[in-house]
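Heads up, the thing below is written out as structure tokens.
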Amino acid sequence: MKKLFLKCFYNNKILFLGMVAVIAIVTIFPYFRSGIYGFRTDLIYHLLRIEGLKESLLNLDYPSRIYYNIFNGYGYGSPMFYPDIFLIIPALFRIVGLSVTLSFKLFALIITIVASITTFYSMKIIIGDYKLSICATMLIMLSQFYLTDLMNRVGLSEYLAYVFIPLLFAGVFDFFAKSGKKVYLIGIALVGLLLSHTIMFFLGVLITVVFMIVGLVVELVKKKYNGVKWLNLIIVGVVSILISSYYWMPLLEQVFNSNLHYTEPWAHIGEYTQPLYTFFLVTGHFNYIAYVGIGIPVLLLIVVRLFIKKTENVWNDVFLLGGIALILCTTRIIPWGILEKTILNSIQFTYRFYPYALCMLSIGVILSLKQLLTDIDSRKIYNRVFVVVSAMAVVFGVWQNYSILSRETNTNLEYAIEEENNLVGEGKEWLPLNSKNPEEYKKDDPVKFDDNNVTTNKEGNRVEFEANQKGEYEVPFVYYKGYYAYKTLSDYSNEELTVEESKNGLVKVVNDSNDGKVVVYYKGTIIQKVSLVISIVTIVVVCIFLFWKKRKNKNGEKDENITNR
């Protein structure tokens, strides 16, 4: 038995699989009960998104722009503002017949496993050592913040973004500390962040820009500037912009052509800063402010840096100091109150710096631990440290998730997404400013003409009615640019009608000619169609280039082998 244990302990593949399994079990074990614990508004909204995407896929309407299962059929432009490409996975679970609850839980499990893999891969690039990379991965994945964000706040999109944060730091590290050949990781990370959670993407861009500016200055001062490397970075940036254009171009089109609630923010960043004491809590929870600690294992390991007189790797301190700086960004030390009138208020809550800070701190303490163990040069101590750090991460992770087991869960979620389909967040940011309270939207609301009801036939994303008078007809759809209306005349020809936003933030159809049957539906915009083509063409070109490059390298290796013979 002992021999089998030692064989597994020294087998890297088994250790890796064991790490992923442990992280998955510790993270998901509260889901073994029937319901889902968490902030109900956010939970229902994510489920509504999954359900809306399911309907869109069944109707072969992807990328979908509006979910009509929200607001009793009035529709919400959620996918134009909250990216949904990764939600295809739980939507497919729903299509094959799995319940809403099980689909959500399975998707959370998949994200956890994928995030564990990308985090380990990134740690291996930065730290190098296999077992210490496992330690860093477990510190991050089993941190109070990660577990609390998923299990307490149900921050599904934010948690999804955590898949890409380590890749971003790995790409930046490789760019400055190594050859820079993995610069594509920066592009993958930023595109992934953009298509997961736009606020986390915004923060990722800010942090990346700071790294690039400081790194460029250092390279110029030390005369280590490499133009080819920076050119590759620009190319990766351009390709990333083109690949993701199907999402960000339609988003900006709506933002610049509509008056939406996001322009009058309900959340002011200065009101939701972190108290300093929260960083030392053993277990945590969310309530607009993340009352979550840094994590006892990370706090204890920071002390390791004190035992190192002179660091051999400057990145130890880069990550440690960077992590501490980002932690401080969540507090009132930064004058967030005077920044509420700036674009930084779009962050909403300062705790969104937390996952970036936690990732940097975990990397920093493990790099310091690596140097200390190198100085000691004892394999026995090295293995013991690996076991102790991993065990600490597991124990405190279990403790965090165990603390929520006695709390009330959300059940009967199938009923909830039918009857509570107006739960889209506190601010309802992506509704028109003039919109009525969504609770006033009823399933059978008809088209109105001068406040009078018009006989209406409404099926999903399509409305039909008879326009017997000239004037303005208000259609029970929330207005977004891209709605289209036409009228069928007595000679069976079609006439396009003007579509505008009504005084209530709904679709208004202007009929200024003959009587006829009017059809209204969301047709989309030219920018939506062009941007989709740009993304598809870019992906195809990149795939062709990678295939050509791989084949070229393979042929080069064959030629070299022939020459050597």
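The values are calculated or read from the model by the stated rules, or taken from the named source; none is laboratory data. Everything numeric in this text was worked out from a predicted model, so none of it was measured. Neighbour counts run over all protein chains shown; Cβ positions are idealised from the backbone, glycine included.
For every residue, the table says whether it meets (1) free of Cβ contacts under 8 Å to residues at least 60 places away in the same chain; (2) in contact with a Pro (Cβ under 9 Å, 6 or more places away or on another chain); (3) in a loop (DSSP other than H, G, I, E, B); (4) on the phi > 0 side of the Ramachandran plot.
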site: L306; (1), (2), (3), (4): yes, no, no, no
site: D317; (1), (2), (3), (4): yes, no, no, no
site: L321; (1), (2), (3), (4): yes, no, no, no
site: I324; (1), (2), (3), (4): yes, no, no, no
site: I327; (1), (2), (3), (4): yes, no, no, no
site: T331; (1), (2), (3), (4): yes, yes, yes, no
site: K341; (1), (2), (3), (4): yes, no, yes, no
site: Y351; (1), (2), (3), (4): no, no, no, no
The residue from A391, A416 that alone is in contact (Cβ under 8 Å) with a residue 24 or more places away in the chain, under 35 Å from the mean Cα position of the chain (by Cα) and more than 30 Å from N257 (Cβ to Cβ) is A416
Test for G227: is it on the phi > 0 side of the Ramachandran plot and modelled with pLDDT under 95:
no
So which of F145, F120, F169 ends up being under 30 Å from I404 (Cα atoms), modelled with pLDDT of 95 or more and not charged (D, E, K, R)?
F120
Any residue in the range 196-216 that's crowded, with 18+ Cβ neighbours inside 10 Å: show its pairings with residues that are among the polar types (S, T, N, Q) at Cβ separation under 7 Å, as long as the two are six or more apart or on different chains.
S196/S157; H197/S157
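Quick grid of which residues meet (1) polar (S, T, N, Q); (2) crowded, with 24+ Cβ neighbours inside 10 Å; (3) within 22 Å of K13 (Cβ to Cβ):
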residue	(1), (2), (3)
Y130	no, no, yes
M138	no, yes, yes
S143	yes, yes, no
L150	no, yes, no
F164	no, yes, no
L167	no, yes, yes
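A quick yes/no check of all residues on (1) assigned by TED's automatic domain parsing to the domain that holds S502; (2) touching a residue at least 12 places away in the same chain (Cβ under 8 Å); (3) crowded, with 21+ Cβ neighbours inside 10 Å; (4) in contact with a Phe, Trp or Tyr (Cβ under 9 Å, 6 or more places away or on another chain):
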residue: N452; (1), (2), (3), (4): yes, no, no, no
residue: T456; (1), (2), (3), (4): yes, yes, no, yes
residue: E464; (1), (2), (3), (4): yes, yes, no, no
residue: N468; (1), (2), (3), (4): yes, yes, no, yes
residue: G471; (1), (2), (3), (4): yes, yes, no, yes
residue: Y479; (1), (2), (3), (4): yes, yes, yes, no
Looking only at the range 7-22, decide whether some residue is surrounded by fewer than 16 Cβ atoms within 10 Å (Cβ to Cβ) and within 18 Å of the chain's Cα centre (by Cα).
no
Does F256 satisfy the criteria of being of a type in the set (F, W, Y), in contact with a helix residue (DSSP H, G or I) (Cβ under 7 Å, 6 or more places away or on another chain) and either more than 30 Å from V385 (Cα to Cα) or assigned by TED's automatic domain parsing to the domain that holds L147 (or both)?
no
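Every residue, every condition in (1) in the same structural domain as V388 (by TED's automatic domain parsing); (2) modelled with pLDDT of 85 or more; (3) under 15 Å from L150 (Cα atoms); (4) not small (G, A, S), yes or no:
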site	(1), (2), (3), (4)
K7	yes, no, no, yes
Y10	yes, no, no, yes
K13	yes, yes, no, yes
F16	yes, yes, no, yes
M19	yes, yes, no, yes
I23	yes, yes, yes, yes
T27	yes, yes, yes, yes
Y37	no, yes, yes, yes
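For every residue, the table says whether it meets (1) under 26 Å from S64 (Cα atoms); (2) part of a helix (DSSP H, G or I); (3) touching a residue at least 12 places away in the same chain (Cβ under 8 Å).
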| position | (1), (2), (3) |
| --- | --- |
| Y246 | yes, yes, yes |
| L251 | yes, yes, yes |
| G270 | no, yes, yes |
| T278 | no, yes, yes |
| V282 | no, no, yes |
Going by what's in this entry, would L57 be described as in a helix (DSSP H, G or I), among the aliphatic types (A, V, I, L, M) and buried (at least 19 other Cβ atoms within 10 Å of the Cβ)?
no
State yes or no: is F71 among the aromatic types (F, W, Y), surrounded by fewer than 23 Cβ atoms within 10 Å (Cβ to Cβ) and not assigned by TED's automatic domain parsing to the domain that holds V387?
no
